[in-house]
Amino acid sequence: TMAHSKALLVLENFIAGKFVPCSSYIDSYNPSTGDVYCRVPDSGKEEVEAAVRAAKDAFPIWSSKSPFERSQILNKLADLIEHDLEAFAQAESKDQGKTITFARTVDIPRAVYNFRFFASSILHHTTECTEMASMSCVHYTSRAPVGVAGLISPWNLPLYLLTWKIAPAIACGNTVVAKPSEMTSVTAWMMCRLLEKAGMPHGVVNVVFGTGPKAGEALVCHPDVPLISFTGSTLTAQRITEKSAPHCKKLSLELGGKNPAIIFDDADLNQCIPTTLRSSFANQGEICLCTSRIFVQRGIYSEFVKRFVAETKKWKVGNPSDPAVDVGALISKEHLEKVRSYVKKAQAEGAKILCGEGVDSLALPAGNQKGYFMLPTVIAEVKDDSCCMQEEIFGPVTCVVAFDTEEEVIDRANGVKYGLAATVWSSNVGRVHRVARRLQSGLVWTNCWLVRDLNLPFGGMKASGIGREGAKDSYEFFTEVKTITIKH
């Protein structure tokens, strides 16, 4: 009915500094109620074409600005988002299903910091120079922005991961066409409303909303987009790689993980248990860096499991806008079914579900009965070759298994196709360094989790991706280097 559609939030594409309506739309659901609450443009070739043209037109002016001028605009945008932090946090929580607490303390502050960080780092890069006296030559390098950057971001940390791409891309002088996930587009649209006020020239940041197969593919296949930065699934990345190959595009791919926590018997369990709970279940387990395989040395296995399960049961699942809630809703009905199916498979294989899905009952508030909720779930006695130990589940599910020796656990931890992050718990410094060196993982945290310095490289090995992003790495990715030789 008309009355029904009037109440819904309707998003529009942001192209060349203006909001542009689309000819067709898709429904976006509020995961905590199961109701449609927003309509998102179902963009395709035409919309992407218009956005790429706008970005191309804006490139000469934007790329010729000094790093300092770009830096000021990025800082102003950061201030504007921070000023509206509460509105952004509420929108992110409602759109994604995450708790208001997580959106307030992690997502939106980090989005603000992404702009501030690259606004600062862009002022401090230097290029190289070498002299070849015997040949009377000097060599130096020069870096220039690449052009139009295609940025595709996922639904788990919507504004956080979108700004992690937009900030370095535009700081380096590129213009962008971004496509957020169609399931979580609201905060990107809210950000677009602030660009004019931040002093962003028209066409520097364009946002096209829609699905991967339509809008994403049109962007990846566009001949005038030389560079694609993507965060999402390994499967989609394979498609992006194939589609962009004929155009020789620069790719940065941040993909999934099947991240191990390795807990030695000299670990401080008072720190390890609360941190491993967070690393397993934060953001409903929907973070590529979440722990989903916990290897515990046999001497402390039973104590660890007992304490870990007891603490897991204390995590409160429910309405994301309730500040007392620890676990919000999963992103979609389909995703919830997928995550549940892994728990069923584990059971069928003879594993033990220690708590959570199918074992404990979930009581939800009246308004959230149709939402996509699931209890944090701990699985034990699961074999290493089980799909639950090999595939990324991306939900509040973690598997706990015992190990005996350092040598054995390194082999088992490395025995998956992924290599994004790992955590090691031990008070033996020598062991920590030995194990960290041998893990096939782009990031290794010891006695902590998710402590990030944005200066340092972020990314994965194996099926977890290609390339790294961070102060230096993002600068290298979002610019082209040229070597210049002068004979004197």
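Miscellaneous remarks
- Simple spin-label estimate for R431 and L85 in nanometres, 7 Å along Cα-Cβ: 4.0
- The alpha-carbon atoms of region 79-181, seen along their principal axes, cover 66, 22, 19 angstrom, with the largest extent given first.
- Entry note, the chain: the mean residue ellipticity at 222 nm calculated from DSSP H runs of n ≥ 4, each adding -39500 (n - 2.57), is -11500 deg cm²/dmol after division by the residues and rounding to the nearest 500.
- Each 5 Å bin, from zero up to the one with the longest distance, holds this percent of the alpha carbon pairs of region 1-147: 2, 8, 10, 12, 14, 16, 14, 9, 5, 4, 3, 2, 2, 1, 0, 0, 0.
- Shape analysis of region 378-463 places it in the oblate category; the axes a ≥ b ≥ c from the Cα gyration tensor give an a/c of at least 1.5, with a/b not above b/c.
- Isotropically averaged projected area of the chain, using the convex hull of Cα atoms (one quarter of hull area), nm²: 25.4
- For the chain, the per residue solvent-accessible surface stands at 41 Å², with DNA, RNA and ligands left out and a 1.4 Å probe.
- Prolate/oblate/rounded label for region 164-231 (Cα gyration tensor, a/c 1.5): oblate
- Local electrostatic count, S121, Cβ distance below 15 Å [Lys/Arg +1, Asp/Glu -1]: +3
- Three-way shape label, region 123-265, alpha-carbon gyration tensor, a/c 1.5: prolate
- Length gained when the stretch Q238-I486 is fully extended (0.36 nm per residue, less Cα-Cα span): 85.1 nm
- For region 259-446, the Rg and Dmax computed from alpha carbons only, in angstrom: 16.1, 53
The values are calculated or read from the model by the stated rules, or taken from the named source; none is laboratory data. Predicted model only: the values in this text are computed from it and were never measured. A quick note on method: Cβ atoms are made from the backbone with ideal geometry, for glycine too, and the neighbour counts reach across all protein chains shown. Areas reflect the complete protein model, heavy atoms only, side chains present, ligands, DNA and RNA absent. Shrake-Rupley method; radii C 1.70, N 1.55, O 1.52, S 1.80 Å.
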